[in-house]
Amino acid sequence: MIPASYKPKKKFMELAISEAKLAGDRGDYPIGAVITRLVGKREVVISSAGNRVKTSGSSIKHVELETLKYVCSGYGRYLPDFVLYSTHEPCAMCAGACVWSRIGAVVYGVSQEDIAAYGRKCGTEDYKWRACLISCKFVFRKGNHRIPVIGGFLRKECQKLFSYKTTRK
């Protein structure tokens, strides 16, 4: 179990941001996730990835869901000693996967409200930035999954991903 006093680490969210930029570079939504595991007093990276919704052609290939599936395949069905870092708040689908996998904690950058507001203002036909305005905390509460949730972590850095443009030629 992850203690309620858990403090997220900047380096793990920075890795998620790097993964988000790689996703953007390949033409996908720039969203990244990292899953870490607490081992004694250490926290180690188990998996990191960028979103593949656009490049896979599947609307359910959210990076949080895909990293959870990957980690569960190697570490088992339940992940109480693991932390999900995501540049964007997990949607209701991904939060549900967190409930089913019994993830130990969630740390995210921008909220569903931030995503929706950006989409309304700056969304395009190619990058709509739609949001499901159901907070992950609500899904966890309804799923009887009481875990630490830290939102708004490195929010300003994660907000920059909305307008991330690749520097590759």
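Considering each residue of segment 134-141 in turn, at least one proves to be in a loop (DSSP other than H, G, I, E, B) and within 26 Å of Asp28 (Cα to Cα). Filtered by the rule that a residue be surrounded by 17 or more Cβ atoms within 10 Å (Cβ to Cβ) and outside any loop (DSSP other than H, G, I, E, B), segment 55-82 gives Val63, Glu64, Leu65, Glu66, Thr67, Leu68, Val71, Cys72, Phe82.
Among the residues of segment 12-49, count how many are closer than 18 Å to His62 by Cβ, open to solvent by 30 Å² or more (accessible area, probe 1.4 Å) and among the acidic types (Asp, Glu). Matching residues across segment 12-49 total 1. Out of Lys7, Lys21, one residue alone is among the basic types (Lys, Arg) and part of a helix (DSSP H, G or I). It is Lys21. Among the candidates Thr55, Thr67, which residue alone is of a type in the set (S, T, N, Q) and within 15 Å of the chain's Cα centre (by Cα)? Criteria check complete, one pass: Thr67. Taken over segment 100-118, the criterion of being over 15 Å from the mean Cα position of the chain (by Cα) and either crowded, with 20+ Cβ neighbours inside 10 Å or at positive phi (or both) is satisfied by Arg102 alone.
Mind counting the residues in segment 83-98 that are touching a strand residue (DSSP E or B) at 6+ places or on another chain (Cβ under 7 Å) and either among the polar types (S, T, N, Q) or outside any strand (DSSP E or B) (or both)? Even if it seems obvious, please write down each step before you answer.
Keep residues of segment 83-98 that are touching a strand residue (DSSP E or B) at 6+ places or on another chain (Cβ under 7 Å), which gives 83-90, 98.
Still in the running and either among the polar types (S, T, N, Q) or outside any strand (DSSP E or B) (or both): 86-87, 89-90, 98.
Looking only at that region, the number is 5.
One residue alone among Lys156, Lys142, Lys121, Lys128 is of a type in the set (D, E, K, R), open to solvent by 30 Å² or more (accessible area, probe 1.4 Å), without any contact (Cβ under 8 Å) to a residue 24 or more places away in the chain and within 29 Å of Arg42 (Cβ to Cβ), and that residue is Lys156. Scan segment 108-133 for residues that are at pLDDT below 90 and in a helix (DSSP H, G or I) and the total you get is 0.
The values are calculated or read from the model by the stated rules, or taken from the named source; none is laboratory data. Treat the numbers as computed from the prediction; the structure is a model and nothing was measured. Using ideal geometry, Cβ is built from the backbone for each residue, glycine included, and neighbour counts are taken over all protein chains shown. All accessible areas refer to the heavy atoms of the entire protein, side chains included, with ligands and DNA or RNA removed. Shrake-Rupley method; radii C 1.70, N 1.55, O 1.52, S 1.80 Å.
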